[in-house]
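Have a look at the structure below before the remarks.
The values are calculated or read from the model by the stated rules, or taken from the named source; none is laboratory data. Predicted model, so just to flag it, every value in this text is computed and none were measured. Neighbour counts are summed over all protein chains in view; Cβ atoms, including those assigned to glycine, are modelled from backbone coordinates with ideal geometry.
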């Protein structure tokens, strides 16, 4: 799916419920924080090994965590896209520009394998 | 752009710099929080009116804020997509499923215009 | 109560339950984020006027919000103090030093009433 | 220091600069998120071992991180206490009540050493 399709689905969802007036930048920023908090809660008591296993483990606990992670990631994404809308941000354009800026900021030959360089993205 | 293209661009970016080993769920969750913090900082002292004007205002201050908002939204999106990868989450599938679940949870005829119903998404 | 009494109460609480091994910096940082998310959720759909009324309004809804705000603030405070412990931070000393540094950074005669200067604290 | 002394110092700091009108619940919640983001940034690329070493290690890097952690914890604490003020929350009373509620929720004989029980505080 295109990012713009996701955004349109969210706009339609809000419009059908007449919720557009709630979609202000500060409301959505706080809602975004609420959902990021739920992502953090999922991971807060996991060891690094347990967290790494979520992606692939076949046992029920990992599958349940993967399912919940999908829900929380979706909630964060939804509020992030609505927030971008509320601030007049063209997500695809901004994303492409930021990635290009980061490629310049962290040249491959200098950044390779270095945690020190890996301060962003 | 497809969501999967954004994800591929991020994977390539990390791979070129040999940064994949930093992309663990808990590292990325904390990095996500750092970027959400920057979104919050942009909006923290704005009035509701000032925040609403960011999307459309033609003056320099609003344009500068819109630009910075685009950068911060992009950083949040980048870490969110990398986090999804690290947790084995299929973003498009999860997003579609969550939106369908929310449509059922908030039926149009009950939710219309109601802040009380608008507790999520 | 002294800050150190709050900290001791938290240490005792953890020790009695043999939870000290969970109190690592990154676990506690993620737990802090989870609780901050709950604070954000409380406020996300409130207008500025509704939020301002929470502190003093006598009606049931405001009293209920004040009660919940007290719980969430307490949770944030608890994880923050445990996090400080886990990082070897002396909270009182650090707080006093930071306030002094901010007093120097924002001199009264320059900062007075200015949103622009009010970027921190 | 008493928690109330910290709060009074913050109130005085704001009053001297005529910043009280900025200290609304939603402004302060967003500012709190900004500072929590800086705490997260400090820890985002550290291994568990590196993070554990911050508290006690004598080398320069750990000392520098401890210093910065102290600053960020102080900023979070400052905004948290101002937020409590703005919401009419009595921090000491709320904290004591929440700790008592948690003691009841997680009885020592059931919670001992169990990550599963350690879902909050």
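Observations
- Checked across the stretch D:83-96, the condition of being surrounded by fewer than 21 Cβ atoms within 10 Å (Cβ to Cβ) and outside any helix (DSSP H, G or I) holds for at least one residue.
- Out of B:15, B:78, B:63, B:52, sole residue that is crowded, with 19+ Cβ neighbours inside 10 Å and assigned to a helix (DSSP H, G or I): B:78
- Subset of the stretch B:13-23 [within 14 Å of chain D (Cβ to nearest Cβ) and in contact with a helix residue (DSSP H, G or I) (Cβ under 6 Å, 6 or more places away or on another chain)]: B:14, B:17, B:20, B:23
- A residue that is modelled with pLDDT of 95 or more, within 30 Å of residue D:50 (Cα to Cα) and out of contact with any helix residue (DSSP H, G or I) (no Cβ under 7 Å at 6 or more places or on another chain) cannot be found anywhere in the stretch B:65-84.
- Which numbered condition residue D:10 misses (of (1) more than 7 Å from every other protein chain (Cβ to nearest Cβ); (2) assigned to a helix (DSSP H, G or I); (3) closer than 28 Å to residue B:25 by Cβ; (4) in contact with a helix residue (DSSP H, G or I) (Cβ under 9 Å, 6 or more places away or on another chain)): (3)
- For the condition touching a residue at least 24 places away in the same chain (Cβ under 8 Å), buried (at least 23 other Cβ atoms within 10 Å of the Cβ) and touching a helix residue (DSSP H, G or I) at 6+ places or on another chain (Cβ under 6 Å), residue D:28 qualifies.
- Test: residue in the stretch C:105-114 that is crowded, with 19+ Cβ neighbours inside 10 Å and more than 18 Å from residue D:18 (Cα to Cα): no
- Residues located in the stretch A:38-49, provided they are without any contact (Cβ under 8 Å) to a residue 12 or more places away in the chain and part of a helix (DSSP H, G or I): A:40, A:41, A:43, A:48, A:49
Let's see how each residue does on (1) within 15 Å of the chain's Cα centre (by Cα); (2) free of Cβ contacts under 8 Å to residues at least 60 places away in the same chain; (3) within 14 Å of chain B (Cβ to nearest Cβ):
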| position | (1), (2), (3) |
| --- | --- |
| D:36 | yes, yes, yes |
| D:57 | no, yes, no |
| D:62 | no, yes, no |
| D:71 | yes, yes, no |
| D:96 | no, yes, no |
